[in-house]
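The structure appears right after this line, and notes come after that.
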Amino acid sequence: MTRILMANRTRSFRLTRVEAPTMQEALQKVRAQLGSEAMIVSSRSFRRGGVLGVGAQEVVEVYAADTRSRIENIRRENSSRAKPMDLSSTVAPDSSVQRPPLSEAVLVEQSPPGSQGRHGTTPRFTNAFLRECHDLLISREIDPRVADLVVEEVSHLRLPAGYPDPSRVRAVLRSQLTKLFLSSPPLDDQKRPRVIILVGPTGVGKTTTIAKLAARAKIHERQRVGLITLDTFRIAAVDQLEKYAEIIGLPLVIATSPQELRMAVEDFRAKAVDVVFVDTAGRSHRDELKMAEIREFLAVLPDAEVHLVLSTTTHGKTILSVANRFSGMGFHRVILTKVDETISFGSLVSALISIGRPVSFVTDGQNVPDDIVASDPERLADLVLKVNAL
Ligand SMILES: Nc1nc2c(ncn2[C@@H]2O[C@H](COP(=O)(O)OP(=O)(O)OP(=O)(O)O)[C@@H](O)[C@H]2O)c(=O)[nH]1
Ligand SMILES: [Mg+2]
């Protein structure tokens, strides 16, 4: 099933040539020599020997490049220092999304000078219930400006007298936090096929999430599902999705150019496929060239739903800078992964507000297809407070 993938940037790599009777054996040789992240640069098959074509043997020749140091660089880049958070820098607004009034205020509001005391406690909140609310939010690593605004909202409610009941504090905060997040109404699901593309930095869980979504669409919703991968940079990446495709029983097409992508979708349309999931290679948000490549692919599918996948193990400051760099792709939704590995979801709240796109799904583990749920503001509030989370 593996098709041979042509890569176009080869200058910086030393090429290794292998020969074998079949493509499968040639790829095995490449793997053995260069590891599973080798990049196939070119391949051809020809016949050798024999007389007048009789007795000639099929030979497959593959040139591959060793990308191990490059992959390491990409990984290092992604885990490098975060930029300072800039709450005023937002991605382009999505007119289909109704932003709650409080979140607009968050983007412009500044904390009054000296507003943070112990654990960020605001002295102007003299009421014990409000102080308890504020302390809880700060302990969840929520930006103090956001915490101030949420507590300000709580202060307009009729507050219980006496020592604050912790469960009451959480209930009130849950309902206020819910207002910070956008709901995620379904995108146009009348189109056939719906095309759902996942983009995002390396290693955040794009391929695993596609496998989860695709399996659920097929098994639970009984939809006809197709898979396309644009991640032709590494053999291992294609193998990964190919395995899922085989297990789930789904057709997978490898598209190496925007034209192939368009043709693949047309082909699925002709076969009455309901939904097509498109996997992309992880891109460092700092690599403009590769970001431009993805944009070229996206340009041929203007109706596609683009979901930006972000790992919640990334700190809020980094998340915002990643989202800003991916904003050129015009993503419609955010998918948050790895909440099972997240210590504090609170630091992401201001980033999510600034991003201004609803969260469509949240994933909480490596199990396909179980560890994923559709997201809504209540669920995100629960994640902040870690109450009944997932
Ligand atoms: N704990 C946890 N691990 C996850 C989750 N989602 C994905 N992973 C793991 O994260 C790792 C990377 O997942 P991939 O799906 O390969 O990530 P990717 O974004 O496709 O990576 P690239 O294609 O290399 O950019 C794998 O080990 C996954 O099992 C999650 O929700 N929780
Ligand atoms: Mg992947």
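Considering only DSSP states other than H, G, I, E and B, which trypsin sites (Lys or Arg not before Pro) in the stretch 282-390 qualify as loop sites with at most 16 other Cβ atoms within 10 Å?
Numbers: sites: 283, 286, 290, 295, 317, 325, 333, 338, 379, 386; in loops: 283, 286, 338, 386.
Hits after loop and neighbour filter: 286, 386.
In this structure the amide hydrogen of residue 197, modeled in the peptide plane, comes within under 5 Å of the amide hydrogens of 278, 305, 306, 307, none closer than 5 places in sequence on its chain.
Under 5 Å from the amide H of residue 337 lie the amide H atoms of 310, 311, 312, 363, each residue being 5 or more positions distant or on a separate chain, with H modelled from the backbone and absent for Pro and chain starts. Computed packing ranks the peptides 162-174, 344-356 as 344-356, 162-174, most packed first, by mean other Cβ atoms within 10 Å. Coupling constants for the stretch 148-154 follow from the phi torsions by the Karplus curve (6.51 cos²θ - 1.76 cosθ + 1.60, θ = phi - 60°), and in residue order they are 4, 5, 5, 5, 4, 4, 4 Hz; glycine and proline get x. Summarising the strand pairing of the stretch 194-385, around 10 percent of its internal DSSP beta bridges are antiparallel. Across the stretch 220-228, coupling constants 3J(HN,Hα) worked out from phi with the 6.51/-1.76/1.60 Karplus curve, θ = phi - 60°, read 7, 9, 6, 8, 8, 10, x, 10, 10 Hz, and Gly and Pro carry x. Taking the Cα of residue 192, stepping 7 Å toward and past its beta carbon, and measuring to each backbone N in the stretch 258-291: which are under 15 Å? It comes to 266-276, nothing else. Quick one: which residues, 5+ away or cross-chain, put their amide H under 5 Å from the amide H of residue 359? H built at 1.01 Å from N. Those qualifying (amide H under 5 Å, at least 5 residues apart or on another chain) are 182, 334.
Packing-based ranking of 271-279, 214-222 yields 271-279, 214-222, ordered from highest to lowest mean Cβ neighbour count within 10 Å. Full extension of the chain between residue 36 and residue 259 yields a length gain of 77.6 nm, computed as 0.36 nm times the residue separation minus the alpha carbon distance. Computed from backbone phi with θ = phi - 60° and the Karplus coefficients 6.51, -1.76 and 1.60, the 3J(HN,Hα) list for the stretch 236-247 is 4, 5, 5, 3, 4, 6, 4, 4, 4, 4, 5, 4 Hz; x is used for glycine and proline.
Read the figures in this text as sums done on the coordinates, not as results from a lab. Given the structure is predicted, the values throughout are model-derived calculations rather than measurements. Virtual Cβ from ideal backbone geometry, glycine too; neighbours counted across all protein chains shown.
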